[in-house]
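Step one of this worksheet: look at the structure below.
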Amino acid sequence: EWLVNSSYVLSQIKTGYHYFNPVMRATKTDVFATIPVPVANILGLTKPFVFSYIILGKDYGMSFYWFGRLIALFMITFELFMVLTKGQKISSLIGAILTTFSPPVFWWYSSQLVEMLIGGGFTILMFNQFLKAKTNKRKMIFSLLIAFGFLSYAFTLYPAWLIPFSYVYLFLAIYILIDTKENHQFKGKNLKLLSIPICIIIASLIYFFTKSHQTFTALMKTAYPGARFIKGGENYENLFSYPIALFFPYMNIGGSSCELSTFYSFFPFIVLIAIYELIKTRNKKKENILLLGITGLVIINLIFSFLSFPKFLAKITFYYMVPEKRLNVVTSFLCIILFTLLIDRIKIKTKKEKWILITILILSTIFSISAPFIFLQQKLSKKFMLISALLLSSASIFFLLKRKNILLIIITILSIATTIYINPVMKGFSALDQKPLAKELKKHQGEKATWLSLNSFVIPNYLGIEGMKTINTTNIIPNVKLWQKIDPKKKFEKIYNRYAHINIELTQKETKFELVQGDLFNLYLNTKDLCTLDVDYVTSSEKLEKYNQKEITLEKKYHKDNLYIYKTNCLGG
């Protein structure tokens, strides 16, 4: 968040909210198609929470972005569950809390996930209102809101979540269409009114692809993430992380908390309960449409995660662009929908039913608590595992007993305790603006100089925040042409042709690239190649005079807080 998203946002504020940011990567960078930032363009209106920076300014814009999204997510999710549960307020509130105050929402808070949930949920709600509206005026309003919600959802532009969530929202739209068929007729004026959002969406997408087609071409050719073809069957472990997600903010659990995070899904308990309920009520086909569809989507996702799809199936469903870890987030969200739907449906009428459900509860709880040890190699103490077991089992028990008020209290405490300590509390931007380095960089604003930062992949983005054209800010689009200046034979193209954080070190040896991980590479840069890259200024955490050569000298211009700025002087030769 602070390294990429906020850096790009603040760079936009500094440089003028352009569709193509002029300083990040030291070249024009298509930020609308790649990252949630404010853009002064008609398409920017589809991202209202970042567009607020343009209206409110940096400080108030950040506040609105940070808190407005959370409030909107809670309200939209609550209303969506109200539709799905036919107005069951406590059940809907439980679903809204499990969704909003969840590990993936808070650990990935500045990613596209939040906007995806808001945009998708909002579109379904407006579609529901459109179908129920009695007057053309109301239908017109809701049709325009459908277009806005759909574009807000679509322009999150993150296929790993966008694709599986699209199946979820498509099914919900079909379900609502069927469920409300007595209140609507697709004839004449109704069809014409529904064509309005379709035309708006098509026109917006054509305009978008016209402006950003080169960006998509570049991204499709990348080694990461563009070249991935995923068939499934691997990396399903985070599906079992939710019982210990409570402890992620408070201790080192081994691995990335972001990557491990999923919604508190009650998996496999809730899936088994759903299957049992479908078998038990198999004659009530109309009542089971929603439950059957959501359960079916869960099973399809589980097949992909655990067993894999044939190549052709992965291709035609677009799941080949969906890593299992990302899919498991969607699967766990589907489990929350099941949990919310089943709170009011489960009825224990016989002793046999009672023992069947108790058996499912006991076996599921044992499995869920054991899974982090088996699949994630977690080594939490017995005390912490006991806490996790008690929370999971008590919530499941009160779920079966239909004691919704107690269940709501447990879910609220669990959700808030899991998330409240994740994100920082900050007032204003003095931590950035008042730094001595920031004051020094202000002297260079307006220059056309090109910058490069050594020994860090953090400082480059800070330079971009202050409006410096910086080569090794996070390359959300690979700068292939630039790197080929120092790699004319394309020996290292697979390393730098990717989304990447870039750490650069000077060397007297031959220039080379080294891949550290999927989104990070080191560049060992021969000093003379600073001239090849047309670098004017270099920042470093160490003195650089020892790298002076006949062809290039480095002139110290600034030193404070263990940070140096050098001016390059290319002498030729």
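When each of S110, S92 is tested for being part of a loop (DSSP other than H, G, I, E, B) and open to solvent by less than 30 Å² (accessible area, probe 1.4 Å), the lone residue that passes is S110. Checking each residue in the range 398-415 for being touching a residue at least 24 places away in the same chain (Cβ under 8 Å), open to solvent by 70 Å² or more (accessible area, probe 1.4 Å) and in a helix (DSSP H, G or I) picks out only N405.
For the range 148-166, how many residues are within 19 Å of F51 (Cβ to Cβ), of a type in the set (A, V, I, L, M, F, W, C) and part of a helix (DSSP H, G or I)? Total meeting the criteria: 4. Residue under question is P460, and the condition is that it be closer than 22 Å to A227 by Cβ and touching a residue at least 40 places away in the same chain (Cβ under 8 Å); does it hold? When the stated conditions are applied, P460 does not pass them. Of all the residues in the range 542-573, those that are closer than 26 Å to K442 by Cα and either among the charged types (D, E, K, R) or not in a strand (DSSP E or B) (or both) number 11. The residues of the range 372-384 that are in contact (Cβ under 8 Å) with a residue 60 or more places away in the chain and within 24 Å of T412 (Cα to Cα), listed by number, are P372, L380, F384. L56 falls short on exactly one of the conditions (1) under 22 Å from I124 (Cα atoms); (2) open to solvent by 40 Å² or more (accessible area, probe 1.4 Å), and that condition is (1). Checking each residue in the range 13-70 for being touching a residue at least 60 places away in the same chain (Cβ under 8 Å) and charged (D, E, K, R) picks out K14, R25, D30, K47, K58, D59.
I'd like the residue in the range 485-529 that is touching a residue at least 24 places away in the same chain (Cβ under 8 Å), among the aromatic types (F, W, Y) and not in a strand (DSSP E or B) and, out of all such residues, is surrounded by the most Cβ atoms within 10 Å (Cβ to Cβ). Out of the qualifying residues, it is Y496. Restricting attention to the range 451-475 and to residues that are of a type outside the set (V, I, T) and open to solvent by 10 Å² or more (accessible area, probe 1.4 Å), the residue that is nearest to K28 (Cα to Cα) turns out to be K469.
Tell me, yes or no, whether the range 422-435 has at least one residue that is at pLDDT 90 or above and either open to solvent by 40 Å² or more (accessible area, probe 1.4 Å) or part of a helix (DSSP H, G or I) (or both). The answer is no, given that none of the residues of the range 422-435 is at pLDDT 90 or above and either open to solvent by 40 Å² or more (accessible area, probe 1.4 Å) or part of a helix (DSSP H, G or I) (or both). Looking across the range 130-147, the residues that are part of a helix (DSSP H, G or I) and surrounded by fewer than 20 Cβ atoms within 10 Å (Cβ to Cβ) come down to K132, N136, K137, R138, M140, I141, L144, L145. Of all residues in the range 429-452, none are over 29 Å from N472 (Cα atoms), touching a Ser or Thr at 6+ places or on another chain (Cβ under 8 Å) and not aromatic (F, W, Y).
The values are calculated or read from the model by the stated rules, or taken from the named source; none is laboratory data. Every value quoted in this text rests on a predicted model; they were computed, and no experiment measured them. Reconstructed Cβ throughout: ideal geometry from the backbone, glycine too, with neighbour counts over all protein chains shown. These accessible areas exclude ligands, DNA and RNA; they are computed on the full protein's heavy atoms, side chains included. Shrake-Rupley method; radii C 1.70, N 1.55, O 1.52, S 1.80 Å.
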